[in-house]
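**Q** My questions will all concern the structure given below.
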Amino acid sequence: MSGESSAASPRAPRPGTQKASGTVTKKGERGTKEKPVTNLQLVGEEEPRNPEEYQCSGVLEIDFAELCTRSGYSDFPKVVLRPRPHPTFVPSASMSEKPTTLEEQRLLSGSCSINSLESKYVFFRPTIQVELEQEDPKTVKEVYIRGWKVEDRILGIFSKCLPALSQLQAINFWKVGLTDKTLTTFIALLPLCSPTLRKVSLEGNPLPEQSYHKLMGLDSMIAHLSLRNNNIDDHGAQLLGQALSTLHSCNKNLVSLNLGFNHIGDEGAGYIAQGLRLNRSLLWLSLAHNRIQDQGALKLAEVLRPFELTHTEVVERRRLLLEKGTQERVRSPTSSRHVDYKSDRDKNQAIGASSLALSDKTDKMPASKTPKSLGAKKKEKSGEVVKKEEKSGSGQSPTQGTPKKEDASKSGKGKGPAPEQKPVKGKGTKPGSKEKRSILLESELVAETTEMVNPLLEPVVHRDGKVFMPGNRVLLHLNLLRNRITEVGLEGFLATVQYQVQVSKSKAASKGPVGLLWLSLAKNYFPPQCAVHSLIQELMLPRDPVNKARPREEEAVAFAV
């Protein structure tokens with residue numbers, strides 16, 4: 001019995017029937033408190049609600065860390081300042097004066113090697129580099145992400161913290177593993193950001209579907225777009241050219257486009273040139289380090305000087321002119337050509353009616369009253385009768401209006417000058433509006449008012465039954481460095497530069513687009529001492545604003561000395 005009791009006593013606490021039942025609530029409470037520490041899956045299930053509840057403060061470092069923590073990230077990139085290139089190290093005299101022993105040299109070399117390794121690891125560690133405003137060190141101006149994959153989850157966090165940056169101006173993604181899906185998510189993020197965001201750089205992110213053109217939609221506010229090193233071929237260039245402009249749509253916000261270091265050939269350059277036909281916002285274009293040959297170069301050069309409109313473009317131009325004419329006719333009466341035409345017609349009818357009334361009055365009235373009727377006829381010409389016709393709507397209003405004026409002049413109560421001043425005001429406003437309308441409508445030179453609406457309404461030249469546009473003179477910078485252009489393609493650009501120089505000289509005093517100011521054709525497939533290339537450089541040198549500024553600086557320095 002003693003053996004059984006001794007054997008049973010150690011067994012009793014093992015099952016824990018009585019003690020466990022007495023302490024089940026305490027252990028249960030303790031277990032629930034320890035569950036979040038041991039089991040991370042519950043945290044992942046409960047936390048997705050928290051990022052939506054978090055209100056961003058506008059400080060990217062704090063917001064990004066908090067949102068990543070609430071989303072379940074244990075190791076996430078840090079927000080750091082963008083490193084600047086350091087000046088070259090020059091040993092000082094004090095360091096050279098102090099000799100070091102072998103042990104000190106070993107320690108110094110060891111510390112340098114350790115620091116260099118650490119700096120290399122730090123360089124490749126995923127970070128979010130930011131550039132801050134000089135006036136406000138806490139305000140983020142630009143965001144740089146390079147060398148690590150940005151997934152949908154990170155973009156979801158960006159969609160919450162980036163819109164809180166009130167002065168964000170640029171986003172730069174370099175080799176972040178974008179896909180067509182994540183690019184769509186990124187494009188949906190852009191409208192949520194501050195209106196100051198005008199620059200986007202997506203370099204080193206080749207996409208299978210090459211859907212970069214979605215960044216250049218009609219509602220896109222991007223002004224500067226860089227798509228270098230994305231393996232863009234002729235198909236991608238076709239999509240980008242259509243995003244620049246088509247017959248019925250045109251991008252009006254993009255100012256600069258960098259397509260360098262891609263695989264664009266002659267066909268792709270033709271698509272880009274097609275997009276430049278009706279685009280009047282792009283000022284800066286780089287196609288450096290591509291595969292463009294003479295055929296593509298000639299298409300680009302052709303669109304920068306007068307080119308022939310196609311049949312569909314001519315039809316669209318006529319439709320736009322008719323539509324503009326109808327819009328002008330339905331405007332307010334003070335500025336409507338239709339009302340001016342109606343008033344002229346009513347004036348002619350009033351003059352005819354007044355002449356008939358005058359002939360009747362000369363037969364019935366004495367000769368002393370005829371001069372006043374003639375004075376009424378003069379007032380009818382001034383436009384007063386037209387206003388009374390519109391009020392009464394009868395053709396006899398001129399004859400009914402003249403006695404009232406005579407009575408007013410006879411009474412002399414001060415009411416007489418008022419009707420006489422009204423025609424003076426009407427006479428001063430109507431001819432002015434008619435003169436402006438005649439300038440803008442009778443000749444089809446409406447480029448200044450409708451240039452940003454549709455370039456098809458620019459002044460054209462009819463020659464040999466064909467319609468020629470003046471060409472794209474808005475593009476100021478074109479870079480074709482390191483392509484495959486020979487002297488044949490250079491001839492096309494020589495004709496373009498000669499035409500633009502001639503136009504700029506003839507219209508030096510007038511305001512408007514001036515054409516190319518900078519053109520790079522170096523490192524192509526022609527000899528270094530090519531005569532055509534030298535002539536192009538001579539013509540472009542006076543147009544380059546950078547070269548114009550250098551002599552002025554030299555003169556200023558010489559004058560100061």
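The values are calculated or read from the model by the stated rules, or taken from the named source; none is laboratory data. No experiment lies behind these values; they were computed from the predicted model shown. No Cβ is skipped: glycine too gets one built from the backbone with ideal geometry, and neighbour counts run over all protein chains shown. Each accessible area value is taken on the protein alone, full model and side chains, heavy atoms only, with ligands, DNA and RNA left out. Shrake-Rupley method; radii C 1.70, N 1.55, O 1.52, S 1.80 Å.
**Q** Hey, can you rank 322-330, 235-243 by average C-beta count inside 10 Å, highest first?
**A** Values: 322-330: 11.9, 235-243: 21.0.
Descending packing order for the listed peptides: 235-243, 322-330.
**Q** Let me ask something else about it. Given a 1.4 Å probe and the protein chains all in place, what does the accessible area of Ser249 round to, in Å² to the nearest 10?
**A** Here the residue's solvent-accessible area equals roughly 40 Å².
**Q** Provide the net charge surrounding Leu244, with neighbours chosen by a C-beta distance below 13 Å and charges set as Lys +1, Arg +1, Asp -1, Glu -1.
**A** Net of charged neighbours comes to +3.
**Q** For a 30 Å ceiling on Cα separation, which of these pairs sit above it: Lys181/Lys299; Lys160/Lys199; Lys252/Lys466; Lys138/Lys214?
**A** Lys181/Lys299; Lys138/Lys214
**Q** How much length is gained on full extension from Asp464 to Leu247, taking 0.36 nm per residue of separation minus their Cα-Cα distance? Kindly include the intermediate steps, with their values, before the conclusion.
**A** Details: separation 217, 0.36 × 217 = 78.12 nm, distance 2.39 nm.
Extending this stretch completely gives an extra 75.7 nm.
**Q** In nanometres, what is the gap between the two model label sites at Leu535 and Arg329, each 7 Å from Cα along Cα-to-Cβ?
**A** Label-label distance for Leu535 and Arg329, simple model: 5.1 nm.
**Q** Here is a follow-up. Quote to one decimal, in nm, the extra length available between Arg84 and Lys175 on full extension: 0.36 nm per residue of separation minus the C-alpha distance between them. Can you show the working numbers first?
**A** Details: separation 91, 0.36 × 91 = 32.76 nm, distance 1.99 nm.
Stretched fully, the Arg84-Lys175 segment lengthens by 30.8 nm.
**Q** Note down the nm distance, to one decimal, between modelled labels 7 Å out along Cα→Cβ at Val315 and at Gln167.
**A** 5.4
**Q** What spacing in nm lies between the two simple spin-label points modelled at Thr196 and Gln55, each 7 Å away from Cα in the Cβ direction?
**A** 2.2
**Q** Quick one: go through the stretch 152-174 and flag any residue whose amide nitrogen is under 18 Å from the point 7 Å out along the Cα-to-Cβ line of Met221.
**A** The answer is 159-172.
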